[in-house]
1. Please report, in debye to the nearest 20, how large the charge dipole of the chain is about its Cα centre when each Lys and Arg carries +1 at its beta carbon and each Asp and Glu carries -1 there.
2. Give the cross-link partners of K63 among the aspartates and glutamates, using a straight C-alpha distance below 19 Å as the criterion and excluding same-chain residues fewer than 8 apart.
3. Got the relative contact order for segment 82-193 handy, in percent, Cα pairs under 8 Å and 6 or more residues apart?
4. List the lysines whose Cα lies under 19 Å from the Cα of K176, skipping any in the same chain that are fewer than 8 positions away.
5. Per residue of segment 68-79, in order, report the coupling 6.51 cos²θ - 1.76 cosθ + 1.60 (Karplus, θ = phi - 60°) as ³J(HN,Hα) in whole Hz, putting x for Gly and Pro.
6. Pop out the ³J(HN,Hα) list for segment 119-128 in order, Karplus 6.51 cos²θ - 1.76 cosθ + 1.60 with θ = phi - 60°, rounded to Hz; leave Gly and Pro as x.
7. Could you work out how far apart the two model spin labels at L3 and R181 are, taking each label as a point 7 Å from the Cα in the direction of the beta carbon, and quote it in nm?
Amino acid sequence: MSLILWTVLGYLLGSIPFGMVIARLLGLGDLRQIGSGNIGATNVLRTGSKRAALATVLLDSGKGALAVLLARYFAGDVAAMLAGGAAFLGHCFPVWLGFRGGKGVATFLGTLIALHWPLGLGACAIWLLTAIISRISSLSALIAAAFAPVLAWAMGRSDLILICLFITALIFIRHKTNITRLLDGSEPRIGRK
Ligand code: G3P
């Protein structure tokens, strides 16, 4: 019962579309009509507000981390994994937006940090390094996501490989249009429309 409860709570927490809320509150417009139309921090940055983009990264990653930490505190490690996976799903498929949500990258990183911080920081470092070299957010996300299950294995956390594989697969599916643009060379650099 408690596992179902934490999965539902994780989903509800993850489904709060912070990027959209922040953009609306700051009068930056409707993210669906801007840039890629995505509700994540990369697209919030396309409004020109670094402050709003930073707040979106922190809140979108924070909701994944919070779901994991609360579930672990009250119900243990399995509940923590379920709550983190559900928070990620909530971000990608929020009931409030007709299940049309974001790509889950910040929520994925926050969830990983809370599940096992060396793994989360490792994935963040890969994202950052790729972003510095390529200046492309989606490419950084795809590479960080691809490495996550490998890092989990290399760090001796085979219990986290399955959740990593699940999230990695969904991140690739959610980046379908980005992958098409990456392949034809038209994916915009960070901050560009
Ligand atoms: O974190 C989302 C990023 O990987 C891609 O965002 O807006 O360029 O599709 P966007």
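1. My answer is approximately 640 debye.
2. D77
3. Numbers: 114 pairs, mean separation 24.3, N = 112.
Result for segment 82-193 is 22 percent.
4. K103, K193
5. 5, 5, 5, 5, 5, 4, 8, 9, x, 5, 5, 4
6. Those phi angles translate into 5, x, 5, x, 5, 4, 5, 5, 4, 5 Hz.
7. Those two pseudo-labels are separated by 3.9 nm.
All of the numbers you see were taken from the coordinates with simple rules; none came from a lab. Source: prediction; values computed, not measured. Virtual Cβ from ideal backbone geometry, glycine too; neighbours counted across all protein chains shown.
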